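Here the structure is laid out as structure tokens; the discussion comes afterwards.
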Amino acid sequence: MTSGRWSVLIAIALGIVSVVCTQAMGQSQPSQNGIANSLPSTNFSADGTAGRGLPRPAPGFANAHVASNPQVPDATAVGEKTCIACHKLEADHFTHTLHSLGLHVANRSDPSIPVCEACHGPGSEHAAKPQTKGLIIGYTKNSGTPIDVQTKTCLTCHAGGPRDHWLGSVHQRNDLSCSDCHNPMAKFSVQGLMAKASINDTCAQCHRDIRLQFNRRSHMPLPEGQMSCDDCHNPHGTLTSPLLKTNTVNETCYQCHAEKRGPFLFEHAPVRENCLNCHTPHGSNQNTLLVAPIPFLCQQCHTNFLHPNDLQTRQALGTGSNPDERIMGRGCLTCHANIHGSNAPSGVRFHE
């Protein structure tokens with residue numbers, strides 16, 4: 001057999017082997033499409049399905065939009081990346097806050113929802129002239145943004161509820177901005193995004209005299225952390241002048257002191273009128289937050305009336321020069337124990 005024939009036979013044999021191997025490999029390995037279909041879906045593809053697996057934005061953030069800055073009506077939005085290019089430190093602090101988490105989730109689900117510009121307004125003019133004040137909504141006293149613009153921007157999302165009476169409240173009339181008490185750009189407090197570590201510390205920035213009253217001998221358990229200022233007051237405004245959360249002082253006190261509410265068959269008039277007739281709410285150097293020591297407190301109203309008593313002085317106290325047995329111990333309360341009201345048959349004297 002000649003060499004030419006051998007070459008032809010060898011070529012035919014190699015061809016047959018190649019076809020058989022190709023068919024065997026096709027049967028043993030899945031196709032590329034099969035591999036792709038067997039893997040879990042991701043949000044890294046470019047097929048338009050990137051947002052399907054992301055959570056929907058919370059209702060409070062789903063309606064966020066670029067804030068309006070009346071000082072630069074022609075400015076346009078530039079996006080978060082432009083802001084971070086200069087404000088890297090602020091972005092790091094903002095990352096851990098509630099607003100950041102909510103706005104970023106909303107932005108990933110709907111790119112039209114802004115992050116930085118939801119509060120600070122469109123940033124094109126500020127980016128072009130960063131040293132000029134007022135081109136961006138700032139939340140400091142020297143930012144160049146009027147206080148009413150600052151608060152209106154916050155109330156765009158936070159209107160209603162406890163803030164129904166913000167307009168006309170004592171804090172609003174004194175030109176307080178939301179940022180005087182809150183700092184949404186950093187997590188200083190456990191809740192409420194307060195400017196200080198707690199509600200009490202935040203209020204004490206201005207109300208230092210009230211905070212000092214809690215250092216007196218008898219005080220509400222605020223320094224011990226068992227209550228806070230907003231248990232009684234609504235700093236965002238109410239219908240009462242001391243910003244009480246209820247309509248009257250007594251209703252506020254009854255939230256904790258329900259046993260004093262009654263109704264009683266025999267009621268003590270000054271108690272029904274106002275708890276502050278006898279008590280000071282924040283702290284006192286007298287027992288049980290009284291405004292004056294007993295019996296001197298009682299004798300402001302009860303003197304030589306249906307009782308064989310004399311006007312008592314400090315000399316009649318147990319430590320005085322002429323102690324009087326009628327004001328020993330608890331003084332008047334030794335006999336008139338139920339001074340807040342009584343349902344006993346002899347309760348007209350509040351003895352029982």
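Structure notes:
- Applying 0.36 nm per residue to the separation of Leu167 and His257 and subtracting their alpha-carbon distance, the gain on full extension is 29.3 nm.
- For the range 135-202, alpha-carbon Rg and Dmax in angstrom: 12.1, 34
- For the range 339-347, Karplus couplings with θ = phi - 60° (6.51, -1.76, 1.60), whole Hz, Gly/Pro x: 6, 7, x, 9, 10, 7, x, 9, x
- Take the Cα of Ser228, go 7 Å toward its beta carbon, and the backbone nitrogen atoms of the range 171-198 under 15 Å from that spot belong to 181-184, 187-198.
- Efficiency of FRET from Cβ geometry, Gln131 and Thr288, R₀ 41 Å, rounded to 0.05: 0.10
- Full extension of the segment from Gln71 to Ala186, taken as 0.36 nm per residue of separation minus the current Cα-Cα distance, would add 38.8 nm.
- Förster-model FRET efficiency, 25 Å R0, Lys152 and Asn174, C-beta, rounded to 0.05: 0.90
- Measuring between alpha carbons in the structure, the pairs from Lys133/Lys245; Lys88/Lys245; Lys88/Lys141; Lys152/Lys260; Lys187/Lys260 lying more than 30 angstrom apart are Lys133/Lys245; Lys88/Lys245; Lys152/Lys260; Lys187/Lys260.
- Considering only Pro293, Phe264, Asn277, the residue lying farthest towards the positive end of the dipole of the range 206-352 is Pro293, judged by Cα position with unit charges set on Cβ.
- Surface composition of the range 195-348: carbon plus sulfur atoms contribute 57% of the solvent-accessible area (1.4 Å probe, protein chains only, all chains present).
- For the listed peptides 132-139, 217-224, a ranking on the average number of other beta carbons within 10 Å per residue, highest first, reads 132-139, 217-224.
- Of the residues Pro242, Met227, Leu212, the one whose Cα sits farthest towards the positive end of the charge dipole of the range 211-352 is Leu212 (charges of +1 on Lys and Arg Cβ, -1 on Asp and Glu Cβ, taken about the Cα centre).
- Stretching the chain fully between Gln315 and Ser218 yields a gain of 32.5 nm (0.36 nm per residue, less the alpha carbon separation).
- The distance from the alpha carbon centre of the range 148-222 to that of the range 234-306 is 26 Å, rounded to a whole number.
- Segments 63-70, 80-87, 257-264 sorted - mean Cβ within 10 Å per residue, highest first: 63-70, 80-87, 257-264
- Point-charge dipole on Cβ atoms (K/R +1, D/E -1) for the range 186-334, about Cα centre, debye to 20: 320
- Applying the Karplus relation 6.51 cos²θ - 1.76 cosθ + 1.60 with θ = phi - 60° to the range 196-213 yields 3J(HN,Hα) values of 10, 5, 8, 4, 5, 5, 5, 5, 5, 4, 10, 8, 5, 5, 5, 4, 5, 5 Hz, where x marks Gly and Pro.
The values are calculated or read from the model by the stated rules, or taken from the named source; none is laboratory data. Computed from a predicted model, the values in this text were never measured in an experiment. When we count neighbours, we look across all protein chains shown, and the Cβ atoms used for this are built from the backbone with ideal geometry, even at glycine. Accessible surface is based on the protein model in full, side chains and every heavy atom, while ligands, DNA and RNA are left aside. Shrake-Rupley method; radii C 1.70, N 1.55, O 1.52, S 1.80 Å.
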